[in-house]
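Bear in mind that the values in this text are calculations on the coordinates, not laboratory data. What you are looking at is a predicted structure, and each value in this text was computed from that prediction instead of being measured. A quick note on method: Cβ atoms are made from the backbone with ideal geometry, for glycine too, and the neighbour counts reach across all protein chains shown.
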Amino acid sequence: MADCTRRRFVQFALGAAAAAPALRAQAPIPVYDKRARVALVHGEDRRKNAYEALKMIEPDIAPALKSKRYVVI
């Protein structure tokens, strides 16, 4: 915004004011009852880190994984 003139500033302000109702009319963000299961692991080997993280949350995700055909990690 090195070339910010008074005219550009007013245009921007009017554009923002015109867009405000549309932004307020958006659908609310849904709230989920269940919390996501996560595991944080630090290390040098990516494969080993992913394995250790999955082992930490295995009891929580095992039932859901049994019903899936494909899993992307």
Explain nothing, just the number: dipole magnitude of segment 6-66 about its Cα centre with +1 on each Lys and Arg Cβ and -1 on each Asp and Glu Cβ, in debye rounded to the nearest 20. 460
Point-to-point label distance, VAL41-ARG7, nm (Cα→Cβ direction, 7 Å offset): 6.1
For the chain, what does the helix formula give at 222 nm: sum of -39500 (n - 2.57) over DSSP H segments with n ≥ 4, over the residue count, nearest 500 deg cm²/dmol? -17000 deg cm²/dmol
Most positive-pole-ward Cα, TYR51, PRO63, ALA25, against dipole of the chain from beta carbon charges: ALA25
